[in-house]
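The values are calculated or read from the model by the stated rules, or taken from the named source; none is laboratory data. Predicted, not measured: the structure shown is a model, and the values here were computed from it. So basically every Cβ, Gly included, is an ideal-geometry build from the backbone, and we count neighbours across all protein chains shown. Heavy atoms of the whole protein, side chains included, go into the accessibility calculation; ligands, DNA and RNA do not. Shrake-Rupley method; radii C 1.70, N 1.55, O 1.52, S 1.80 Å.
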Amino acid sequence: MSVKKKLAELSENETKLFDKLLKGTFEEIQCLLKEKDVRVDCLDKTGMTPLQHAAFRGKKELCELFLAHGADVNSNYHDNNYSTLMFAALSGNVEVTRMMLQAGANIHQINSVNKTATQMAAFVGQHQCVSAINNFFPRSELEYYTKPQGLETEGKLPLETLEPLLGLVNSVNLHPVKVSMYLRDNMILVNESYKVCKVLDILVEKNMKARDTNDVMAVKLHYFTTIIRLARKSHDDKNDNLQFWIKSLVKGRDQDGFPEFAERVVRQSLKEFPYVDSQLFQTLVRQISSVKIGDTPTALSSLIAGVNGNQFAMAEDVCATCGERNAVKSCSVCKYLQYCGQPCQKLHWSTHKKFCKTLALVYKKNQEMMAKEKAKQKRRRIRKK
Ligand SMILES: [Zn+2]
Ligand SMILES: [Zn+2]
């Protein structure tokens with residue numbers, strides 16, 4: 001009998017388990033898993049495992065439970081070859097998607113119509129899940145470089161840099177200020193910049209030369225090496241834990257406050273990407289070369305769109321200084337700009353103070369226009385009645 005057939009021949013309790021997945025409680029499922037005749041990777045009629053059902057419904061606690069019981073995240077018996085990661089991504093639950101990635105889900109698996117999990121998720125508009133998958137960097141791949149290989153007496157990557165570097169390569173916010181703040185808080189990455197960048201260079205090459213090239217990851221990693229190298233240079237000059245470097249990135253030019261230096265840094269990184277055949281590289285360079293510095297789209301927004309998708313590039317709730325999402329603190333004078341917190345607002349003030357009053361007028365005008373428009377609509381509604 002084939003493995004699939006065996007797994008699909010359900011015991012009484014396994015049938016119950018699939019039942020409870022639809023309309024049972026967490027505790028009931030937990031109890032069933034303790035039964036001797038319940039295999040965590042058993043299959044329903046369509047070849048789905050309990051973990052896949054939980055992932056498809058975006059049930060985080062259940063997914064945790066099944067994984068803790070040793071569920072195989074790469075079970076591959078579904079009738080249409082849907083993987084657990086596909087089910088998770090289709091659910092739109094970013095946390096569940098990340099959980100499957102951390103559990104070792106194969107991101108390259110394709111289903112019966114030759115689509116990967118990211119393609120499936122993009123198709124149904126789950127862009128946050130697409131970005132979670134594209135930005136995921138497995139720990140094991142970095143860990144490898146902390147151990148000596150071949151004739152080496154020590155690994156290429158100092159062990160103390162493993163955790164900070166893992167945090168960096170998995171971050172979604174690519175704003176140069178945010179990246180630099182992260183480096184400032186993890187100076188080991190700057191102090192060990194030669195070794196760190198060497199490993200990142202190897203990983204860029206690996207992502208471009210593998211059978212499944214991932215130029216999203218390659219462009220992103222290469223971008224980090226640019227920032228780390230330039231930050232290191234600045235720190236060598238000033239010995240100030242990147243204070244000068246971060247201020248330079250935040251500083252806006254005199255005529256309109258546009259952060260010209262930051263724009264040039266992003267452009268430099270994109271232009272220096274070593275694999276000119278990459279489609280993403282060509283798209284990005286084409287985009288930025290036709291735009292004057294200070295106009296839109298900025299190199300940063302092109303980079304963000306290329307790596308994370310358009311949804312991220314067009315987000316409006318971002319911090320004016322560091323690009324972090326969900327920035328809710330607005331400047332109390334102009335109410336025009338938002339920040340993620342006071343440190344970012346303080347950092348931006350030397351540039352913003354020149355434009356705050358003008359922006360306050362713009363904000364006031366916008367509010368007045370919106371109020372007029374609302375009143376007009378109200379009158380129209382009353383007339384209709
Ligand atoms: Zn911020
Ligand atoms: Zn202001």
Report task. Just name the residue that is least open to solvent (accessible area, probe 1.4 Å) out of those in segment 248-287 that are basic (Lys, Arg) and part of a helix (DSSP H, G or I). Result -> Arg267
Report task. Residue by residue through segment 329-377, note down the ones that are open to solvent by 80 Å² or more (accessible area, probe 1.4 Å), touching a residue at least 12 places away in the same chain (Cβ under 8 Å) and within 16 Å of ligand 1 (Cβ to nearest atom). Result -> Lys329, Tyr336, Gln342
Query raised in the report: Looking at (1) more than 15 Å from Met86 (Cα to Cα); (2) more than 23 Å from the chain's Cα centre (by Cα); (3) surrounded by fewer than 16 Cβ atoms within 10 Å (Cβ to Cβ), which is the one condition that is false for Glu141?
Result: (2)
Query raised in the report: Looking at (1) modelled with pLDDT of 95 or more; (2) open to solvent by 30 Å² or more (accessible area, probe 1.4 Å), which is the only condition Ala299 fails?
Result: (2)
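Among the candidates Val177, Val219, single out the residue that is surrounded by 16 or more Cβ atoms within 10 Å (Cβ to Cβ), closer than 20 Å to Phe281 by Cβ and in contact (Cβ under 8 Å) with a residue 24 or more places away in the chain.
Values: Val177 fails: closer than 20 Å to Phe281 by Cβ.
Sole residue among the options that is surrounded by 16 or more Cβ atoms within 10 Å (Cβ to Cβ), closer than 20 Å to Phe281 by Cβ and in contact (Cβ under 8 Å) with a residue 24 or more places away in the chain: Val219.
Which residue out of Leu33, Leu10 is of a type in the set (A, V, I, L, M), more than 15 Å from Met99 (Cα to Cα) and open to solvent by 40 Å² or more (accessible area, probe 1.4 Å)? Walk me through it before giving the result.
Values: Leu33 fails: open to solvent by 40 Å² or more (accessible area, probe 1.4 Å).
So the residue among Leu33, Leu10 that is of a type in the set (A, V, I, L, M), more than 15 Å from Met99 (Cα to Cα) and open to solvent by 40 Å² or more (accessible area, probe 1.4 Å) is Leu10.
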Query raised in the report: Before we move on, is Thr15 over 17 Å from Leu101 (Cα atoms), β-branched (Val, Ile, Thr) and without any contact (Cβ under 8 Å) to a residue 12 or more places away in the chain?
Result: yes
Query raised in the report: For Arg229, all conditions in the list (1) at pLDDT below 95; (2) open to solvent by 30 Å² or more (accessible area, probe 1.4 Å) hold save one; what is the number of the exception?
Result: (1)
Report task. Would you be able to say whether some residue in segment 277-298 is within 16 Å of ligand 1 (Cβ to nearest atom), within 23 Å of Tyr182 (Cβ to Cβ) and in contact (Cβ under 8 Å) with a residue 60 or more places away in the chain? Result -> no
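Which of the helices (runs of 4 or more DSSP H) found entirely inside segment 129-201 contain at least 2 residues meeting this: closer than 30 Å to Gly252 by Cβ? Working first, answer last.
On the way: elements: 139-143, 162-169, 176-185, 188-191.
Qualifying helices (runs of 4 or more DSSP H): 162-169, 176-185, 188-191.
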Report summary line: The helices (runs of 4 or more DSSP H) lying entirely within segment 288-376 that contain at least 2 residues which are within 30 Å of Ile133 (Cα to Cα) and away from ligand 2 (no atom under 15 Å from the Cβ) are 299-308, 310-313
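Do the conditions hold for Leu62, that is, is it modelled with pLDDT of 95 or more and out of contact with any Ser or Thr (no Cβ under 7 Å at 6 or more places or on another chain)? Let's see the steps before the verdict.
Numbers: modelled with pLDDT of 95 or more: yes; out of contact with any Ser or Thr (no Cβ under 7 Å at 6 or more places or on another chain): yes.
Taking the combined requirement at face value, the residue satisfies it.
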Report task. Would you kindly identify the helices (runs of 4 or more DSSP H) lying entirely within segment 1-76 that contain at least 3 residues that are more than 29 Å from Gln128 (Cβ to Cβ)? Result -> 3-8, 12-23, 26-33
